[in-house]
Every structure is written in C-alpha cells, then in structure tokens.
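The values are calculated or read from the model by the stated rules, or taken from the named source; none is laboratory data. All of these numbers come straight from a predicted model, not from anything done at the bench. Quick reminder, even Gly has a Cβ in these numbers, built from the backbone with ideal geometry, and neighbours come from all protein chains shown.
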Amino acid sequence: MNLFDSHCHLDDPSYQSDFDAVLDRAQAAGVSRMMTIGVTLRTSRMAVNLAETRPGVYASVGIHPHDAHECSDDILDRLIVLARSPAVRAWGEAGLDFNRMHSPRDEQEKWFVHQLEAAAELGLPMIFHERDSQGRFLELLQTCPPPAGGAVIHCFSGTRAELTRYLDMGYYIGITGIVTLKERGEPLRRLISLIPSDQLLVETDAPYLTPQPERRRSRRNEPAFVRSVLLKLAEVRREDPAELARIVFANTCRLYRIEG
C-alpha cells in the first residue's frame with residue numbers, strides 16, 4: 001500500500017533523537033508522503049525547512065486556535081511570505097477550540113477569519129481544527145469559505161449533523177488513530193460508513209493519538225502508524241485495504257495539489 005500521512009507534526013522535540021529512523025520506518029510501512037503542520041510562526045518555519053530538505057515531506061503554515069492570543073498582523077505577514085515556498089501546500093492548522101480555551105474566544109475568531117482570507121488570497125487549501133465551537137466555526141466559515149475540495153476537517157470527532165454539513169460543503173474528513181480505540185472510537189466508527197470514499201483522508205496527528213495496535217509498545221505516534229488507521233477504516237467499511245489506500249492517497253494528493 002502507498003500511504004500519505006495527511007497530518008503530522010515532525011518538528012516535535014520527541015523526534016530529535018531518531019528523526020531519520022522515524023522517516024525510515026515510515027518508508028518501510030509504505031508511507032511515501034507526509035504533511036507536517038505549522039501551528040505557530042516558529043513551527044511553521046520548521047515545517048517549511050523540513051519540507052524543503054526532505055523528499056516526500058510537504059508543509060503547511062498557520063496559527064492554531066490555542067496560539068491565537070500570540071498572533072499579530074506582523075506574524076500573519078511573515079506566514080504569508082513563508083507560504084510562498086513551493087514546499088507549502090496548505091494553510092493551517094487553523095480554526096476554533098472552545099474546549100480548552102488556551103486563547104480567548106474573540107482572538108480565536110479574529111485570527112481564524114484573517115487566516116481564511118490569507119489562504120484564499122494565496123490559493124491554498126485549508127486544514128481545519130474545530131472543537132466544541134457550538135456552530136460558531138460553521139458561521140465564521142461563511143465569511144470566506146474555501147471551495148469544495150479545498151479543505152479538510154482535521155481529526156474529525158463531531159456529530160452526524162456536523163459531518164453531513166462538512167460533506168455537503170465538499171470538504172475532506174481526516175481520520176486519526178482515534179478510530180482504533182475501543183471506547184473513545186466507537187462514536188466515530190458508527191459514522192465512518194457515511195463518508196464517501198472520495199472525501200476520506202487518513203492522518204496520525206503524530207506524535208499524538210497513537211493507534212491502539214501500536215500503543216502496546218510506543219506512547220509516541222509517528223507517520224508509520226497511519227497504516228493502522230487505514231487498516232481499521234477498511235475493516236469498519238468492509239472494503240479492500242489496498243483499494244481504499246489507493247483512493248485515500250489520491251484524495252490527499254488532490255487536496256494538497258501534489259502529483260500522484
């Protein structure tokens with residue numbers, strides 16, 4: 001199977017001691033491509049540097065809702081400059097998170113809208129983060145919505161109604177290792193069959209959200225483990241893993257405008 005980890009954080013300090021081995025294990029598991037995600041100006045710079053120097057690695061730039069309180073016009077301008085690198089294929093992870101409230105609501109909303117506008121100006125697809133926004137995320141999306149096929153809902157764990165809205169808007173749905181977890185993943189597994197195969201992506205969110213099969217030996221997630229996400233999806237959907245992998249790989253390349 002040829003796999004694309006559509007969302008990981010390769011800049012994380014947990015990879016410093018064995019970064020090359022992490023990439024080697026990904027390759028051995030069939031993961032030929034990875035999208036490493038920016039969540040601040042610093043991590044966006046690191047993501048771009050990795051993508052410019054490592055084959056098969058691409059980058060996004062953006063400000064996570066947790067870090068919205070540190071954003072400014074100057075930081076946004078610097079991100080726009082970074083985003084002009086050919087290695088950058090998306091904007092994000094951006095959105096709203098009213099669960100932990102690491103940033104005030106008004107700051108989250110302000111910089112989410114500005115990032116929507118920046119991505120639209122650059123013609124970049126969006127990587128969205130949404131948690132417990134009670135519909136406000138969808139309301140703000142109306143200010144500058146990406147086109148159909150121009151965004152992914154990262155680490156989807158919402159309701160059936162929310163899933164339907166996202167699918168109707170033509171967005172991709174990113175599935176993480178949560179789908180492999182016995183109790184936490186049960187609500188997600190009930191919705192998996194509702195997602196058309198051509199709107200489905202797999203991701204690790206590494207080093208977070210380690211799939212169940214790997215939890216027995218590793219607390220740290222890594223791109224190689226996206227294989228377990230794909231296999232669980234195929235099992236739940238009762239589809240051939242190789243064929244599903246082919247479709248999901250093509251979906252990811254289409255979203256990020258990368259040759260398949």
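Pull up region 105-130, narrow it to residues that are farther than 17 Å from ASP73 by Cα and surrounded by fewer than 16 Cβ atoms within 10 Å (Cβ to Cβ), then point me to the one that is farthest from the chain's Cα centre (by Cα). Full working, then the answer.
Initial filter on region 105-130 (farther than 17 Å from ASP73 by Cα): 105, 123-130.
Of the ones still in play, those that are also surrounded by fewer than 16 Cβ atoms within 10 Å (Cβ to Cβ) are 105, 123.
Working: ARG105: 22, GLY123: 18 Å.
Only one residue tops the list, namely ARG105.
The residues of region 227-254 that are of a type in the set (D, E, K, R) and surrounded by 22 or more Cβ atoms within 10 Å (Cβ to Cβ), listed by number, are ARG227, LYS232.
Quick one: is ASP168 closer than 20 Å to ALA29 by Cα, out of contact with any helix residue (DSSP H, G or I) (no Cβ under 6 Å at 6 or more places or on another chain) and surrounded by fewer than 16 Cβ atoms within 10 Å (Cβ to Cβ)?
Numbers: closer than 20 Å to ALA29 by Cα: no; out of contact with any helix residue (DSSP H, G or I) (no Cβ under 6 Å at 6 or more places or on another chain): yes; surrounded by fewer than 16 Cβ atoms within 10 Å (Cβ to Cβ): yes.
For ASP168, the condition - closer than 20 Å to ALA29 by Cα, out of contact with any helix residue (DSSP H, G or I) (no Cβ under 6 Å at 6 or more places or on another chain) and surrounded by fewer than 16 Cβ atoms within 10 Å (Cβ to Cβ) - is not met.
Among the residues of region 120-134, those identified as among the hydrophobic types (A, V, I, L, M, F, W, C) and in contact (Cβ under 8 Å) with a residue 40 or more places away in the chain are LEU122, LEU124, ILE127, PHE128. Just to be sure, is PHE19 at pLDDT 95 or above and under 26 Å from ASP240 (Cα atoms)? Spelling it out, it is not the case that PHE19 is at pLDDT 95 or above and under 26 Å from ASP240 (Cα atoms). Listed by position, the helices (runs of 4 or more DSSP H) contained in region 89-191 that have at least 2 residues being touching an Asp or Glu at 6+ places or on another chain (Cβ under 8 Å) and not charged (D, E, K, R) are 136-141.
Taking region 165-179 only, how many residues are touching a residue at least 24 places away in the same chain (Cβ under 8 Å) and more than 14 Å from the chain's Cα centre (by Cα)? Working first, answer last.
Just the residues of region 165-179 that are touching a residue at least 24 places away in the same chain (Cβ under 8 Å), to begin with: 165, 167, 169-179.
Those still in the list that are more than 14 Å from the chain's Cα centre (by Cα) too: 165, 167, 169-170, 179.
Of the residues in that region, 5 qualify.
With respect to (1) of a type in the set (Val, Ile, Thr); (2) surrounded by fewer than 20 Cβ atoms within 10 Å (Cβ to Cβ); (3) under 13 Å from the mean Cα position of the chain (by Cα), the lone exception for THR204 is condition (2). When restricted to residues that are part of a helix (DSSP H, G or I) and farther than 24 Å from LEU96 by Cα, region 11-70 contains 18. In this structure, does ALA224 turn out to be under 15 Å from MET34 (Cβ atoms), among the small types (Gly, Ala, Ser), crowded, with 17+ Cβ neighbours inside 10 Å and in contact with a Pro (Cβ under 8 Å, 6 or more places away or on another chain)? So ALA224 fails the test. Remark: LEU191 matches the filter, which requires a residue to be of a type in the set (A, V, I, L, M), touching a Gly at 6+ places or on another chain (Cβ under 9 Å), surrounded by fewer than 24 Cβ atoms within 10 Å (Cβ to Cβ) and over 14 Å from ASP5 (Cα atoms).
When region 135-163 is limited to residues that are touching a residue at least 12 places away in the same chain (Cβ under 8 Å) and surrounded by fewer than 16 Cβ atoms within 10 Å (Cβ to Cβ), the one that is nearest to THR204 (Cα to Cα) turns out to be ARG160. Against the list (1) out of contact with any strand residue (DSSP E or B) (no Cβ under 8 Å at 6 or more places or on another chain); (2) closer than 18 Å to PRO125 by Cα; (3) not in a helix (DSSP H, G or I), the condition SER85 fails is (1).
Consider VAL81 carefully, then state whether it is without any contact (Cβ under 8 Å) to a residue 60 or more places away in the chain, surrounded by 20 or more Cβ atoms within 10 Å (Cβ to Cβ) and among the β-branched types (Val, Ile, Thr). Step through it out loud before you land on a result.
Working: without any contact (Cβ under 8 Å) to a residue 60 or more places away in the chain: yes; surrounded by 20 or more Cβ atoms within 10 Å (Cβ to Cβ): no; among the β-branched types (Val, Ile, Thr): yes.
Taking the combined requirement at face value, the residue does not satisfy it.
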